[in-house]
Amino acid sequence: MPLHQSDAIILKTYPLGEADRIVAFFTRDFGKMRGVANGARRMKNRFGVSLEPMAHSRIMFFEKENHDLVRIQSTELLDSPMKLFEDYDRAVFVGHIVELMDRFLPEREPQDPVFRLVRMTARALEQGCPIEFASCYFEIWMLRLAGVFPDMFACSVCSRKLQMEEERFLAPGLQAVICNSCDHRSGVGVLAEVIELLSWILKNRLEVDETGTLASLPELAAGMRNLHGLNQYWIRNYSER
C-alpha cells in the first residue's frame, strides 16, 4: 500500500458514518481523486480547515490496489479558503469553480494547467478581482483546456487566420467560426467587443496590481455579458455529451 504526497485543491466532502468524511480533491500530481479522512467529522480532529472546499493543502495518502478510495493520512494547509467565502457572491462563484472542476476533470489524470488556473483565480479573487470577469476568464480557460472552446481566430471553412478587426460568425450549433468571405448566411454574428475581450483573456494572466485593478483590462461590459452567455452554452453542451 504505497504512500503518496501531493499539493491538492479540495473540491467537496461527504459524511461517512458518524466520524469520517469522504473527500473529493484535485491533486497536482495524480489528478482528481477521492479518499476517506478518518475522524474528520469529530469536533476535534487533525485536519482542521485543510479539508474545506477550495483549501490548498498538501495531502499525504495511502493508495490500495483496486480500490477507488484512498486513505488520507495527513494534511498540511498551504492556503486557507476562508477569505474566498467572506461575501455571498464570491462564495457562490467559488461553488461554480468547484462544480466545473468536478464536472470537467477526469479521474486520476494530472492536469497541471488546470491546477495553476484554479490557484491563479483564487488569488485574484482574494485581491479584489471583479467576480464577473474572474468567472468569464476561468470558464474560457477551462473550456479551452477541455478542448471544447471553438477557435475564434480561424475560419472553419477556409482555414484562414482571422485578424482582430475582421467580421466573423458562429455556425449553427455555435461550435465553429465562419469568416465574412465564406457562406455565413445561417450563422450568428460575433460582437467585436467579444473578440477584443477574448483576445485580452488569451494573452494575459488574471493578476490584480497594487491598485486593486487588472492592468490594461478593456472596458467591455457588453462583450463580457455576451461571452459569458456563450460560455454557459458551451458548458451545457459539454455536460450533455
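Solvent-accessible area of Ile235, all protein chains in place: 10 Å² (probe radius 1.4 Å, heavy atoms, ligands and nucleic acids excluded). Taking other residues whose beta carbon is less than 11 angstrom from the beta carbon of Pro130, and scoring Lys, Arg as +1 and Asp, Glu as -1, yields -1. Full extension of the segment from Glu207 to Arg58, taken as 0.36 nm per residue of separation minus the current Cα-Cα distance, would add 51.2 nm.
For the chain, what relative contact order do you get, as a whole percent, if you take Cα pairs closer than 8 Å and at least 6 residues apart? Spell out each step's value before the answer.
Details: 407 pairs, mean separation 33.7, N = 241.
Value for the chain: 14 percent.
Each Cα pair under 8 Å and six or more residues apart adds its sequence gap; the mean of these over the residue count of region 13-135 is a relative contact order of 24 percent. If R0 is 22 Å, the Cβ-Cβ spacing of Asn45 and Asn66 corresponds to a FRET efficiency of close to 0.20.
Which GluC sites (Glu not before Pro) in region 115-178 pass both tests, a DSSP loop state and at most 10 other beta-carbon atoms within 10 Å? Could the numbers behind the result be given before it?
Details: sites: Glu126, Glu132, Glu139, Glu165, Glu166, Glu167; in loops: Glu165, Glu166, Glu167.
Filter output for region 115-178: Glu165.
Rounded to the nearest 5, the antiparallel percentage of DSSP beta bridges internal to the chain is 90%.
Between Ala192 and Arg236, the FRET efficiency from the beta-carbon distance, with R0 = 35 Å, is close to 0.85. Model label points for Glu165 and Ser80, set 7 angstrom from Cα along the Cα-to-Cβ axis, are 5.2 nm apart.
With the simple model of a label 7 Å out from the Cα in the direction of the Cβ, Asp151 to Asp102 spans 3.5 nm. Which residue, chosen from Asn45, Leu11, Ile97, occupies the Cα position most advanced towards the positive end of the dipole of region 11-149, where the dipole is computed from +1 (Lys, Arg) and -1 (Asp, Glu) charges on Cβ about the Cα centre? Result: Asn45, furthest along the dipole toward the positive end. Straight-line reach from Lys203: taking Cα to Cα under 28 Å and skipping same-chain neighbours fewer than 8 places apart, the lysines in range are Lys32, Lys83, Lys161.
In this structure, Cys182 and Arg144 have a Cβ-Cβ separation that, at R0 = 35 Å, corresponds to a calculated FRET efficiency of about 0.90.
Recomputing Rg and Dmax of the Cα atoms in Å from the coordinates shown identifies the correct label among (1) 17.7, 60; (2) 20.5, 67; (3) 17.7, 52 as (2).
I want the local charge near Ile59. Using Cβ-Cβ distances under 9 Å, sum +1 for each Lys or Arg and -1 for each Asp or Glu among the other residues. Summing Lys/Arg as +1 and Asp/Glu as -1 gives -1.
The values are calculated or read from the model by the stated rules, or taken from the named source; none is laboratory data. Remember, it's a predicted structure, so these values are computed and weren't measured experimentally. Positions of Cβ are backbone-derived with ideal geometry, glycine not excepted, and every protein chain shown enters the neighbour counts. Please note that ligands, DNA and RNA were not included when accessible areas were found on the heavy atoms of the full protein model with its side chains. Shrake-Rupley method; radii C 1.70, N 1.55, O 1.52, S 1.80 Å.
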